[in-house]
Amino acid sequence: MAPDPIALARDLLRCPSVTPAEGGALGLLESVLKGAGFEIHRVTFAEPGTAPVENLYARIGSETPHLCFAGHTDVVPPGEATSWSHPPFGGEIAGDMLYGRGAVDMKGAVACAVAASLDHLAARGGKPKGSISFLITGDEEGIAVNGTIKLLKWAAERGESFDHCILGEPSNAASIGDTIKVGRRGSLNGTLVITGKQGHVAYPQLADNPVRGLVTLMSALMAVPLDHGSAHFDASNLEFTSIDIGNTTVNLIPGEARARFNIRFNDCHSQISLKTLIERLAADAARERVKWRIDWEPSNADVFFTGPSPFLDLVIAAIKDVTGVVPKLSTTGGTSDAMHQVDERTAVADLVRLTAVYRKILDRYFGSRGTN
Ligand SMILES: [Zn+2]
């Protein structure tokens with residue numbers, strides 16, 4: 001029998017799976033999915049300097065089409081538990097709301113996808129007309145180096161290939177069904193480092209103040225827009241987030257000055273073309289008078305965009321049938337920081353509706369041929 005999505009969501013919320021802890025959440029999914037005939041893989045990824053993190057891949061069926069539900073069961077810390085009106089790991093329902101860390105982001109959606117899949121399978125004698133899989137990481141809210149990227153690589157090495165994927169991250173702006181995210185800007189972090197020559201403020205001719213160069217290069221990088229937006233995205237944007245000199249002596253010219261920045265970039269750029277552009281702007285402003293370099297941090301976060309397709313049409317139609325709303329297609333950033341605050345909660349009725357949306361998608365996806 002297919003599980004009740006609300007009961008499953010409550011059980012998941014009771015697992016204290018703050019990144020990188022598994023907290024029992026993947027174990028719970030394993031037992032539920034195994035009971036329905038899924039083949040389960042629990043894979044742990046580790047890397048020097050990072051905590052090992054558990055991940056789960058489950059699949060039923062060996063044929064195409066292959067629909068994958070991706071997601072994560074880790075959550076951000078609850079903060080001060082006493083500030084919650086219901087315990088963050090209690091899975092309590094009050095009024096018509098389900099409370100708990102992860103209710104929105106995104107144990108609720110994981111529970112709905114599992115419940116809808118098992119319900120769909122039960123209606124078809126337990127076997128899909130293709131394949132259904134779950135690709136669930138425990139490393140989304142942390143630094144995310146032992147999560148989805150490695151899990152996808154692991155799956156590819158096993159010969160797994162996916163025709164379509166749904167990621168149940170919160171995406172709606174005001175009410176369920178109002179928004180589908182069809183793309184996301186990329187994100188790149190860097191540090192601008194200016195080296196000068198330390199010295200006493202009384203003898204500036206003997207020193208080379210890096211603050212001057214830092215101000216010049218920062219101004220140059222902020223002066224021009226990186227682009228004017230594209231057909232599907234807002235303009236790319238560079239923001240300086242910190243200036244670090246660390247000099248506590250007021251009469252000393254420092255030897256080095258740094259500024260950290262983040263760039264959110266659209267599909268006018270790749271990481272490589274963007275780095276080239278920024279370094280050219282810096283070099284032009286430095287005019288061989290300023291000694292500078294940019295230390296780029298590695299980034300997983302490339303820009304992506306999913307164009308119109310029969311699959312997207314199928315999802316839009318399923319949402320419209322269940323909620324009556326025609327979803328807006330959006331490529332803007334995070335939905336709301338509210339989901340990471342105290343008293344994270346979601347309407348029980350929304351979980352029921354989301355399960356119905358997933359069920360409708362599954363029924364149509366495996367009911368029709370030639371979906372791509
Ligand atoms: Zn999330």
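The values are calculated or read from the model by the stated rules, or taken from the named source; none is laboratory data. Bear in mind the structure is a predicted one, so any value in this text is a computation, not a measurement. Neighbour counts run over all protein chains shown; Cβ positions are idealised from the backbone, glycine included. Side chains are part of the model used for accessible areas, which takes the heavy atoms of the whole protein and leaves out ligands, DNA and RNA. Shrake-Rupley method; radii C 1.70, N 1.55, O 1.52, S 1.80 Å.
Over the chain, the alpha carbon radius of gyration divided by the compact-protein estimate 2.2 N^0.38 Å works out to 1.17. Listed by chain and number, the lysines placed with their C-alpha closer than 30 angstrom to that of LYS320 are LYS107, LYS127, LYS129, LYS181, LYS328, LYS360; residues fewer than eight positions away on the same chain are left out.
DSSP finds beta bridges in the chain, and of those with both partners inside it, around 75 percent are antiparallel.
Note on LYS291: aspartates and glutamates with a C-alpha under 20 Å away, same-chain residues under 8 apart excluded, are ASP208, ASP244, GLU256, GLU279.
Considering only protein heavy atoms and a probe of 1.4 Å, how much of the accessible area of region 1-84 is carbon and sulfur, as a whole percent? In region 1-84, the share of accessible area belonging to carbon and sulfur is 55 percent. Start at zero, step by 10 Å, and the Cα-Cα distances of region 220-372 spread as 8, 23, 24, 20, 14, 7, 3, 0 percent across the bins. Projected onto their three principal axes, the Cα atoms of region 1-94 cover extents of 49, 41, 20 Å, largest first.
Estimated from the Cβ-Cβ distance and a Förster radius of 25 angstrom, the FRET efficiency linking LYS34 and ILE143 is about 0.25.
Where only DSSP H runs of four or more residues are counted, the chain gives -9500 deg cm²/dmol as its mean residue ellipticity at 222 nm, each run worth -39500 (n - 2.57).
Solvent-accessible area of HIS66, all protein chains in place: 0 Å² (probe radius 1.4 Å, heavy atoms, ligands and nucleic acids excluded).
Dipole orientation for region 216-296: of the candidates ILE272, ALA220, GLY246, GLY246 has the Cα lying most toward the positive pole (charges on Cβ; Lys, Arg +1; Asp, Glu -1).
Spin-label model, LYS320/VAL211: points 7 Å from Cα along the beta carbon direction are separated by 6.1 nm. Put TYR57, TYR99 in order of accessible area, highest first, and with a 1.4 Å probe you get TYR99, TYR57.
Ranked from highest to lowest mean number of other Cβ atoms within 10 Å per residue, what is the order of the peptides 140-147, 240-247? Show your work: numbers first, answer last.
Numbers: 140-147: 20.1, 240-247: 11.9.
Final packing ranking: 140-147, 240-247.
In what sequence, largest accessible area first, do TRP154, TRP84 appear using a 1.4 Å probe?
Of TRP154, TRP84, the descending order of accessible area is TRP154, TRP84.
Tell me, in nm to one decimal, what length is gained between ALA301 and TYR203 on full extension, where the rule is 0.36 nm per residue of separation less the Cα-Cα distance?
30.7 nm
For the chain, the Cβ-based charge dipole about the Cα centre amounts to some 620 debye (Lys, Arg positive; Asp, Glu negative; other atoms uncharged).
Relative to the Cα centre, the charge distribution of region 82-230, modelled as +1 at Lys and Arg Cβ and -1 at Asp and Glu Cβ, gives a dipole magnitude of about 360 debye. The percentage of C-alpha pairs in region 168-270 whose separation is greater than 20 Å is 56%.
The trypsin sites (Lys or Arg not before Pro) of region 288-324 that DSSP puts in a loop, and whose beta carbon has at most 13 other beta carbons within 10 Å, are ARG289.
Toward the positive end of the charge dipole of region 1-138, with +1 on the Cβ of Lys and Arg and -1 on the Cβ of Asp and Glu, the farthest Cα among ALA122, LEU56, SER31 is that of ALA122. What the chain shows is 48 Å² of accessible area per residue, with the surface traced by a 1.4 Å probe over protein heavy atoms.
Hydrophobic long helices, here whole DSSP H runs in the chain with Kyte-Doolittle means of at least -0.5 and Cα atoms spread over 27 Å or more along the helix axis, are found at 348-367.
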